[in-house]
Amino acid sequence: MSDVVHEISDVKIKISLLNIVEILAIQLTIIFSLVFQIFLHDKPCALCLLQRIGFFGIILGLLMNLRFGLQPKHYTIILLSAFFTSLTSLRQVAINVVPDGGYGTSLFGLHMYTWAFFVSTIFLIVTALILGINRQFYSPLLKWRSHWSTHVLMATTTIIFVTNLFLL
Amino acid sequence: MMMVVFSILLIALIFIWLGKNTFAMYSFFLSFILSIWIFLKILPLSVPL
């Protein structure tokens, strides 16, 4: 019995760590866009803001996983947001897909909306794969306790969120 | 309109802080529906698909 509990808690810890890494990756993506906006005066268009909304939705789903425990409904939020982000970024790619075209500045040869498309598509695939791990949803005798790092991540997300709100 | 969607997402984040899972879900879905509406509004539907 204790082996099973240990094994399940091990799976939960690994997936929680993966969630933390994913949150940091999304935060870095949004910070990059904010740096471009503040220092390079790259004003975001409506589609760029919709992509940010999608990224914030992904972060909300991941934070819910860390705060309330790993649940399928949180993965629904992540998948919907990632799909919405990939849809809007693909729409923007389709608008600007002309020779010597493109909107805004580029990073490593690719425009920001192209990066957004890649990141959101990777998130879609990774989340769909993680959702397939059944053992994370078993909870024998274990009460979920959020780690202190969850509160740090929530605080940093709030700061990024409010900064974004003020720069609209 | 974009401001409204971001504000609702911020409210969802505050609900996560407060430990209210259901209210956070409702806030998220409200902002999601609004953002889909914005996306459809800026999408020119007159182009041949």
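Readers should treat all values here as calculations from the given coordinates under stated rules, not as data from a laboratory. What you see is a predicted model, and the numbers here were worked out from it, not measured in a lab. Backbone-built Cβ (ideal geometry, glycine too); neighbour counts: all protein chains shown.
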| field | Cα-centre dipole for segment A:1-98 with unit charges at Cβ (Lys and Arg positive, Asp and Glu negative), debye to 20 | value | 360
| Can you give the Rg to Rh ratio for segment A:2-166, taking only C-alpha atoms and Rh from Kirkwood? | 1.04
| said: Please enumerate, by chain and number, the lysines with C-alpha under 28 Å from the C-alpha of A:Lys12, excluding those fewer than 8 residues away in the same chain. | reply: A:Lys73, A:Lys143, B:Lys20
| request: Round to the nearest 0.05 the FRET efficiency obtained for A:Cys45 and A:Thr121 when R0 = 25 Å and r is the Cβ-Cβ distance. | output: 0.75
| remark: So, over other residues within a Cβ distance under 13 Å of A:Leu50, counting Lys, Arg +1 and Asp, Glu -1, the net charge is +3
| Difference of contour (0.36 nm per residue) and Cα-Cα distance, A:Leu129 to A:Phe166 | 9.7 nm
| Relative to the first principal axis of the alpha-carbon coordinates of chain B, what is the inclination of helix B:21-42, with its axis defined by its Cα atoms, in degrees from 0 to 90 and to the nearest 10? | 20
| Added length on full extension, which subtracts the Cα-Cα distance from 0.36 nm per residue, A:Ser106 to A:Arg145 | 9.9 nm
| task | Using label points projected 7 Å from each Cα along Cα→Cβ, tell me how many nm separate A:Ile159 and B:Leu43, to one decimal. | result | 3.7
| request: For the protein assembly as shown, give the magnitude of the charge dipole about the Cα centre (Cβ charges: +1 Lys/Arg, -1 Asp/Glu; no others), in debye to the nearest 20. | output: 460
| Within 10 Å of each Cβ of A:73-86, how many other protein chain Cβ atoms are there on average? | 2
| said: Given the options A:Val35, A:Thr85, A:His6, identify the residue whose Cα lies farthest towards the positive end of the charge dipole of chain A (+1 on Cβ of Lys, Arg; -1 on Cβ of Asp, Glu). | reply: A:His6
